[in-house]
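K.L.:
My questions all concern the structure below.
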Amino acid sequence: LLEGLGGELAVLVSALARPRQPGSGPSPRDWASPLVFDRGGAAVSVASREAGHHIFPIHTSQCYLASQSLSAELYRLTCCWLTHHYAEVVRIAAAFGCDALSGAEAAQWAHFGAEIDKDKHVDGHACRLHLSVAVLPLGLDLPWNLRESYMQFLLNRANCSADCLLSPDTELHILQLLPELDGSSWLLLNRRRVLEAPAHDVIVTLEPPPLPPTDGYEVRIFTETVSSADQWVSAMNISPPVAEEKPHTGAHALRYIEQVVSNGVSAQLLFEFFTQAVVLQPFPDDPPHLVAACLARSHGPASAGVFVLSRDDALGPSLPKPPAKKGLLPSQQQRRWLQEVRDELVNAVRKRPLPEPPAPEARMREIMLQGSARTPAWPFVLVADCTRQAVQGLAERRMPLQELVASFVSQTRKANDVPSWATWVVDELQGDRRCTQRGQRWVQRQRDALRELSMPTDVPTLRHSTDLLRQLDQQLSSDVTQGAEAVSTAETAALAVQSPEGALRRLQLKGGLRPQLGFFSLVRLLLANDGHEMLASMGAQPPTLSWVMHALFLHVRAQQCSSALRELRAENDPRLQGQAVALELSKQRFYLQPPQPGQQGASLDPRLLAAEFLFGIMLREAQVDIIRAFTESSSEACVHQMLMGGGKTCIIAPLAAALLSNPKRLFVALCPVSLLAFSRQQLRAKLGSPALGLPVLTFGFTRSTVVGPELLERLTHARRRRSVICMAPQSVKSLLLRLAELLCPKNQQVSSGVSNNVARRLLQAVGLAGGGGGGGAGGGSAEDADLG
């Protein structure tokens, strides 16, 4: 565990130590056993050529651990799965995205598949399905059988925890990934009908399951007793059994049964078992008649006489006692005994006739689906569309550290005194209508001179940095403590229930029938317009999201204090240090709106507050203006520029992707080839948290790229999952040129005056026109480009 100067925490692990499951697999005995880390084998030789360690930064709220590379993400995925944190695996799968695997990453993926192969838990099957939906359209081979995992999930879906359930759209996507399954199984066919049903109450007709195969045992014995009257008993030829002195018990009985089964179980031997001439009792509690009945049903002949002896446990011991055997040929007494036994069997059938076997019949049934009964599944919400949220208390402060700002100002040098009448004279001159344009410029110069005169005579320097350092440390410690308490309070409020069904819901939470709402799940609900309604449907208390807002504000202020402490402890020039500290302390929340008429408090955009919490920054005024221009613009195109260092790659692009992407619009980030890897890394670091959970992919295209359904499915998959596509301008140019080649026949001269209609179709096909502004590219028409 590493700690930085500002209190930042990170986990350092060795990439050469591969996590493994101890023992033979995830059996109940090994469920809580710790992981075993393997430091040998071929995997280490492959990983040694790559990174030797993985660093996982811990968020300041200590609720989330980030991965800085795909290899680190695979490492964390393996550890979470092997320790049975299935809910965390689902959240990792939601933001999982990869372009191609290196040698070490391919070895990690194969190791991951081998380690989880023995995990047959229903939550494990659900996690396999979540990962399959994430990686299969990207061309990554699955280390498990998708059909088998989905079938096992459907058969045990009632036992799956709510944190791992699949949404209806996800299950339909799985059926689309394997179209050959449609109609080939009654279970899959019924599931498809249920998933495609509307959300409101509707009646669905389900197919019956296939009839289980049978060997015709019941039909044969019933036919014997009905068709041939009492003649069926004549076929039962048995001889008087010879009783054994000692019963077969324990291991000796098991060996005897194995020998009998291998040689064949005859009617004569079964008769001896039922009359207890030969007693079999493998375990002390096993009734001998039950052992004989099991052997008769599984290995004996389909005889009505044997069936009657199996049905009536008192019939065998009550039969006439056999006479003593004399000679090789049957005597008259033995023939009389055999007839008496047959008469007893016939009488037993007449008293209790054999039941008629049920006729095989498969009937379709209808069920009523209740839309309100569906359990919400991760990620709960897909679009961050909440633009305004009322706040009270500390969150109403525009300047979070206003008390420390006043203390800092008191430690700077005093400004020169400016007479109050000077400002009055300048205002009067500027407001005079007779003042010409040249006079207005002169008045503005005088106003600037007065402002410079009122500023300190020197660059701000800290005279008592020790006092400010102590105040910042106290504020940081207080905000961290109160922030942790606010996070705990919000999670407790999300699980607490005041309704009469509170005890039932708490029991459902314990049993996994209700989703566990962690802090990042609550942050995700905060970003949606219907977040309050979803919380109410889950039974949470109304002030839950207010506690979430309070926790976000405290953690953002703690990050601001940490940044000021770093500047204060840095060994820089005193003047530069004073400017840096003043800049950190005076940061404001520019998206905070004053109270409107009819409102009790101020309001703000919760998405921007969550971005400050997740990114560990405070947004600048220019950044807030650009984000507002993108999100509030009603035009199809919106273009803005920003100088280097303004936060285009690290702030604007991730935030715009989180706010503008939705399942109907693909977000594309264009950047130079030299910055493609850096931009992709920054986007994955910023968007990989559970509160956002957006995959980041790279799209490369050249004139020689094969255009087919796979390319279209990859882009459709990215849009469906709100993925962010990073691509270079050269790829866009190559895509447009390739599209022009597909639209125009070969060797046909294309005139320079291409109509606007064709150009519009070109742009719409690649999603670069008609899809909204702000960096988002709408889904174009694939039919125009013949991509399908």
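K.L.:
Within segment 243-268, how many residues are open to solvent by 40 Å² or more (accessible area, probe 1.4 Å) and either farther than 25 Å from Trp232 by Cα or basic (Lys, Arg) (or both)?
P.N.:
Total satisfying the criteria: 16.
K.L.:
Any idea which of Leu509, Leu525, Leu513 is under 24 Å from Ser167 (Cβ atoms), open to solvent by less than 10 Å² (accessible area, probe 1.4 Å) and not basic (Lys, Arg)?
P.N.:
Going through Leu509, Leu525, Leu513 in turn, the sole match is Leu525.
K.L.:
For segment 131-147, enumerate the residues that are modelled with pLDDT under 90, open to solvent by 60 Å² or more (accessible area, probe 1.4 Å) and either assigned to a loop (DSSP other than H, G, I, E, B) or not basic (Lys, Arg) (or both).
P.N.:
Gly139, Asp141
K.L.:
Going through Ser454, Ser410, Ser478 one at a time, which residue ends up being at pLDDT below 70 and closer than 30 Å to Gly6 by Cα?
P.N.:
Ser410
K.L.:
Restricting attention to segment 166-218, and to residues there that are in a helix (DSSP H, G or I) and polar (S, T, N, Q), which single residue is modelled with the highest pLDDT?
P.N.:
Thr170
K.L.:
Moving on to the next point. Of all residues in segment 269-300, which are under 16 Å from Glu218 (Cα atoms) and surrounded by fewer than 17 Cβ atoms within 10 Å (Cβ to Cβ)?
P.N.:
Passing the criteria: Cys294, Arg297, Ser298, His299.
K.L.:
Among Ala551, Ala540, Ala536, which is aliphatic (A, V, I, L, M), more than 21 Å from the chain's Cα centre (by Cα) and open to solvent by 30 Å² or more (accessible area, probe 1.4 Å)?
P.N.:
Selected residue: Ala536, the only one of Ala551, Ala540, Ala536 that is aliphatic (A, V, I, L, M), more than 21 Å from the chain's Cα centre (by Cα) and open to solvent by 30 Å² or more (accessible area, probe 1.4 Å).
K.L.:
Can you confirm whether Ser546 is under 16 Å from Ile617 (Cα atoms), open to solvent by less than 80 Å² (accessible area, probe 1.4 Å) and part of a helix (DSSP H, G or I)?
P.N.:
Considered against the rule, which asks whether it is under 16 Å from Ile617 (Cα atoms), open to solvent by less than 80 Å² (accessible area, probe 1.4 Å) and part of a helix (DSSP H, G or I), Ser546 comes out as no.
K.L.:
Could you please let me know if Ile627 is in contact with a helix residue (DSSP H, G or I) (Cβ under 9 Å, 6 or more places away or on another chain), β-branched (Val, Ile, Thr) and surrounded by fewer than 19 Cβ atoms within 10 Å (Cβ to Cβ)?
P.N.:
no
K.L.:
What are the residues in segment 583-613 that are touching a Lys or Arg at 6+ places or on another chain (Cβ under 9 Å), part of a helix (DSSP H, G or I) and modelled with pLDDT under 90, if any?
P.N.:
If the condition is that a residue be touching a Lys or Arg at 6+ places or on another chain (Cβ under 9 Å), part of a helix (DSSP H, G or I) and modelled with pLDDT under 90, then Glu584 is the only one that fits.
K.L.:
Considering segment 715-759 alone, what residues qualify as being under 30 Å from Ala384 (Cβ atoms), touching a Leu at 6+ places or on another chain (Cβ under 8 Å) and either open to solvent by less than 40 Å² (accessible area, probe 1.4 Å) or modelled with pLDDT under 55 (or both)?
P.N.:
His717, Ala718, Arg722, Ser723, Val724, Ile725, Cys726, Met727, Ala728, Val732
K.L.:
Restricting the first residue to segment 315-326 and requiring it to be in contact (Cβ under 8 Å) with a residue 24 or more places away in the chain and in a loop (DSSP other than H, G, I, E, B), which pairs with a second residue that is surrounded by 11 or more Cβ atoms within 10 Å (Cβ to Cβ) and of a type in the set (Ser, Thr, Tyr) meet a Cβ separation below 7 Å and a spacing of at least six or different chains?
P.N.:
Leu319/Thr275
K.L.:
Applying the selection to segment 614-672, what residues are within 27 Å of the chain's Cα centre (by Cα) and part of a strand (DSSP E or B)?
P.N.:
Asn662, Arg665, Leu666, Phe667, Val668, Ala669
The values are calculated or read from the model by the stated rules, or taken from the named source; none is laboratory data. What you are looking at is a predicted structure, and each value in this text was computed from that prediction instead of being measured. Here the Cβ is made from the backbone with ideal geometry for all residues, glycine too, and neighbour counts use every protein chain on show. Just so you know, the surface numbers come from the protein's heavy atoms only, side chains and all, with ligands and any DNA or RNA stripped out. Shrake-Rupley method; radii C 1.70, N 1.55, O 1.52, S 1.80 Å.
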